[in-house]
1. Binning at 5 angstrom from zero up to the longest distance, how are the C-alpha pair distances of region 19-147 distributed in percent?
2. In region 20-120, what GluC sites (Glu not before Pro) fall in a loop by DSSP, with at most 10 other Cβ atoms inside 10 Å?
3. Quote to one decimal, in nm, the extra length available between S72 and R136 on full extension: 0.36 nm per residue of separation minus the C-alpha distance between them.
4. Could you sort the peptides 98-111, 51-64, 28-41 by per-residue average Cβ neighbour count (10 Å cutoff), highest mean leading?
Amino acid sequence: MAVPAWKLEAVAPARGIDHVTITTRDCRAAKRFYEPTLRPLGFAIVFDWPARGRAYLGLPSQQSSLWIVQRSHPGRVSVSLAAEDREAVDAFYAAALAAGGQAVSTPGHRPEYTARTYAAEVLDPDGNTLEAICWRADEPLSWAERAA
């Protein structure tokens with residue numbers, strides 16, 4: 001039996017986390033939430049398989065790292081995603097709320113993490129927690145303070 005050429009390609013050794021799977025009852029609804037919510041953090045859908053209830057998101061020029069998979073009994077997960085700066089955290093939060101997410105914690109300085117941490121948390125439509133976090137935020141002003 002011949003081995004397909006794509007199986008013969010060299011693969012870099014894996015280290016750390018390869019991907020995170022978020023299960024959902026409705027993959028199409030989850031895509032409508034995750035695609036705009038994660039866009040400010042640089043994520044895009046890199047593989048979409050509607051017939052199998054799957055969508056994989058990733059960063060440009062990288063393999064997919066966040067998998068959305070439809071299941072009849074989804075579980076709950078908490079995922080923290082790196083943000084380049086405070087503006088990306090703010091954009092993530094606004095996009096998540098616009099896409100139907102629920103606020104857990106508004107964007108703001110998180111001194112309980114580190115002196116320069118800025119983050120926000122939301123729940124997706126299935127109750128999974130998503131956090132965008134910037135570890136290099138300089139100003140300790142919260143999103144609400146800047147919006148006022």
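1. 2, 12, 21, 23, 19, 12, 7, 3, 1, 0
2. When the GluC sites (Glu not before Pro) of region 20-120 are filtered for loop state and at most 10 Cβ neighbours within 10 Å, E112 remain.
3. Values: separation 64, 0.36 × 64 = 23.04 nm, distance 3.95 nm.
That pair, S72 and R136, stretches by 19.1 nm at full extension.
4. Ranking the peptides 98-111, 51-64, 28-41 by packing returns 28-41, 98-111, 51-64.
Rule-based calculations on the coordinates, nothing more; no lab input. Here the structure is a predicted model, which is why all the values come from computation and not from measurement. Counting neighbours? That spans all protein chains shown, and the Cβs are built from the backbone with ideal geometry, glycine included.
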